[in-house]
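The values are calculated or read from the model by the stated rules, or taken from the named source; none is laboratory data. Here the structure is a predicted model, which is why all the values come from computation and not from measurement. Here Cβ is always computed from backbone atoms with ideal geometry, including for glycine, and neighbour counts include all displayed protein chains.
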Amino acid sequence: MEHKIQLYNTLTRSKEVFEPLVPGKVGLYVCGPTVYGPAHLGHARPAITFDLLFRYFQHIGYKVRYVRNITDVGHLVADADDGEDKIAQKARLEELEPMEVVQIYTNEFHKAMEMLNVLPPSIEPRASGHIIEQIEEVRKILAAGYAYESQGSVYFDVEKFAKDHSYGKLSGRKIEDLISNTRDLDGQHEKRSGLDFALWKKAQPEHIMRWPSPWSDGFPGWHLECTAMSTKYLGEVFDIHGGGMDLTFPHHEAEIAQARAAHGKDAVRYWMHNNMITLNGQKMGKSLGNAISLSQFLSGDHPLLEQAYSAMTIRFFMLQSHYRSTLDFSNEALQAAEKGLERLMKAVEKIDSLPVSASSTVNVAELRANCYAAMDDDLNSPIAIAHLFEGVRMINAITDGKEQISASDKEELKQLFCTFVFDILGLKAEQAAPGGQSETLKEVVDLLLKLRLEAKQNKDWGTSDRIRNELTALGFEIKDTKDGFTWELKK
């Protein structure tokens with residue numbers, strides 16, 4: 001099947017047919033976390049969004065080099081150019097080495113990603129491991145005349161760059177408005193303009209994280225890191241750059257300017273941004289104090305949570321909303337996602353036991369085409385999931401004898417569900433309870449129902465009815481089929 005994928009390009013504000021720079025290969029760069037605190041729901045959304053893109057590209061035959069960075073230096077508190085590094089601040093408060101903080105929260109992030117079934121990227125570079133590359137980028141920007149040194153720091157000259165190139169084209173901001181809205185702030189005496197941003201900062205005596213450079217002992221600016229790392233691993237021009245829409249300005253706007261200044265060309269062909277997660281209409285994030293960590297979601301230990309939610313419920317909750325849509329958190333929405341996921345997984349389990357007929361009264365080929373059309377339309381996972389639930393109704397109707405399916409269509413249906421549910425959407429069956437209790441429960445119920453079948457064959461109706469009635473009273477729903485039985489535990 002040939003796929004013409006349409007992706008929404010933030011730069012052009014339109015959907016465009018995706019054409020890779022090199023046929024059959026995709027270069028993808030995504031801004032990863034700043035590892036100074038526990039992984040939270042805001043980390044999960046871009047991770048799941050671009051995991052979906054990564055999975056789908058690979059499924060349709062592309063070879064993908066997926067680079068997702070770790071920011072472990074240079075990201076200052078309040079995203080400023082002056083003040084304390086977020087990681088250094090955490091290290092001071094917790095009386096740890098900065099790289100201890102980095103390792104603790106990087107490990108936690110990786111654990112959270114594994115639980116959410118997010119595939120690891122092809123390359124996961126750290127900012128602190130690419131200081132040489134960042135210094136080289138600064139040299140190039142200085143040589144091009146779009147940066148200046150001031151008291152040991154180096155700043156990007158935004159107004160000078162804007163005279164020769166378009167600045168603000170990603171975020172839609174006009175340089176004239178930015179200039180008129182900019183005022184002198186305390187601590188910005190080194191800059192020619194409040195619009196300018198740091199490429200390299202001279203470290204103050206108390207600053208722990210520092211490296212030697214031609215300008216001073218210091219550290220790189222936050223925006224510079226992604227330009228240096230994406231260039232190193234994907235080249236001066238690559239296919240897709242992704243991240244949260246909150247990074248559009250100033251972070252990604254700065255990246256566009258830096259790349260153009262250093263290399264004389266635009267680095268990114270398609271810019272993709274996932275929308276925010278909100279809580280009661282307000283952005284959810286650590287800086288606002290309303291972030292819920294992923295570990296709190298899994299344990300239910302937070303005053304805003306009515307219960308614990310599994311990692312797959314969280315993933316399914318996010319996939320039910322288009323990545324460019326705002327996703328508002330509520331217990332009701334998560335609980336609905338939990339029930340929907342349970343229905344979907346139970347339907348997958350039923351496929352093998354579906355009775356086959358000589359011909360089909362269901363259209364599996366159309367269902368397949370609809371699922372792929374949704375994914376080709378800017379990764380429209382909620383529409384793809386809606387089509388899968390049409391398949392769930394199909395499966396239940398066949399189970400109940402209201403529809404028929406041929407052996408070949410049954411095989412195609414199984415392949416379709418396994419491909420979309422597990423390979424593309426990245427969902428997986430929840431882990432069994434400790435000690436394998438859920439698997440043991442399945443075996444016990446199957447045994448009882450097999451004994452009931454034997455009782456019916458022996459016309460022992462009393463035993464047969466008693467087993468069914470006792471299981472029904474415990475919450476099990478049992479359906480007799482021509483090939484035996486099916487059952488599920490109702491909550």
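Data for the structure
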read-out: Residue tally, condition modelled with pLDDT of 95 or more and more than 34 Å from the chain's Cα centre (by Cα), over the range 157-199; value: 4
read-out: The range 292-317, residues that are crowded, with 21+ Cβ neighbours inside 10 Å and touching a His at 6+ places or on another chain (Cβ under 8 Å); value: L294
read-out: Restricting the range 342-382 to residues that are hydroxyl-bearing (S, T, Y) and in contact with a strand residue (DSSP E or B) (Cβ under 8 Å, 6 or more places away or on another chain), the residue that is nearest to Q320 (Cα to Cα); value: S353
read-out: Failed item, numbered, when A267 is tested on (1) more than 30 Å from V26 (Cα to Cα); (2) small (G, A, S); (3) not assigned by TED's automatic domain parsing to the domain that holds S381; value: (1)
read-out: Residue within the range 333-346 that is of a type in the set (S, T, N, Q) and within 20 Å of the chain's Cα centre (by Cα) present; value: no
read-out: Selection count where residues are within 29 Å of R343 (Cβ to Cβ), at pLDDT 95 or above and part of a strand (DSSP E or B), scope the range 265-312; value: 1
read-out: Candidates E454, E412, E403 - the one that is farther than 29 Å from H273 by Cβ and either buried (at least 20 other Cβ atoms within 10 Å of the Cβ) or under 35 Å from the mean Cα position of the chain (by Cα) (or both); value: E412
read-out: Qualifying residue in the range 146-155 (condition: under 21 Å from G221 (Cβ atoms), within 31 Å of the chain's Cα centre (by Cα) and not in a loop (DSSP other than H, G, I, E, B)); value: no
read-out: Checking D446 against (1) touching a residue at least 60 places away in the same chain (Cβ under 8 Å); (2) assigned to a helix (DSSP H, G or I); (3) over 30 Å from the mean Cα position of the chain (by Cα), the condition it does not meet; value: (1)
read-out: E190 more than 25 Å from Y62 (Cβ to Cβ) and not in a loop (DSSP other than H, G, I, E, B); value: no
read-out: Restricting the range 321-333 to residues that are touching a Ser or Thr at 6+ places or on another chain (Cβ under 6 Å) and surrounded by 16 or more Cβ atoms within 10 Å (Cβ to Cβ), the residue that is nearest to E306 (Cα to Cα); value: L327
read-out: Answer residue from the range 221-245, given it is in contact with an Asp or Glu (Cβ under 9 Å, 6 or more places away or on another chain) and of a type in the set (A, V, I, L, M, F, W, C) and is modelled with the lowest pLDDT among those; value: W222
read-out: In the range 211-237, residue surrounded by the most Cβ atoms within 10 Å (Cβ to Cβ) [restricted to those that are among the small types (G, A, S) and in a loop (DSSP other than H, G, I, E, B)]; value: G221
read-out: Residue satisfying condition, being assigned to a loop (DSSP other than H, G, I, E, B) and β-branched (V, I, T), within set I208, I240, I179, I256; value: I208
read-out: Only listed residue being farther than 14 Å from M272 by Cβ, in a helix (DSSP H, G or I) and within 17 Å of the chain's Cα centre (by Cα), chosen from R55, R65, R45; value: R55
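One line per residue, one yes/no per condition, for (1) within 23 Å of K283 (Cα to Cα); (2) in the same structural domain as N107 (by TED's automatic domain parsing); (3) touching a Leu at 6+ places or on another chain (Cβ under 9 Å):
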residue: L21; (1), (2), (3): no, yes, no
residue: K25; (1), (2), (3): no, yes, no
residue: V35; (1), (2), (3): yes, yes, no
residue: R45; (1), (2), (3): yes, yes, yes
residue: D51; (1), (2), (3): yes, yes, yes
residue: F54; (1), (2), (3): no, yes, yes
residue: K63; (1), (2), (3): no, yes, no
residue: D72; (1), (2), (3): no, yes, no
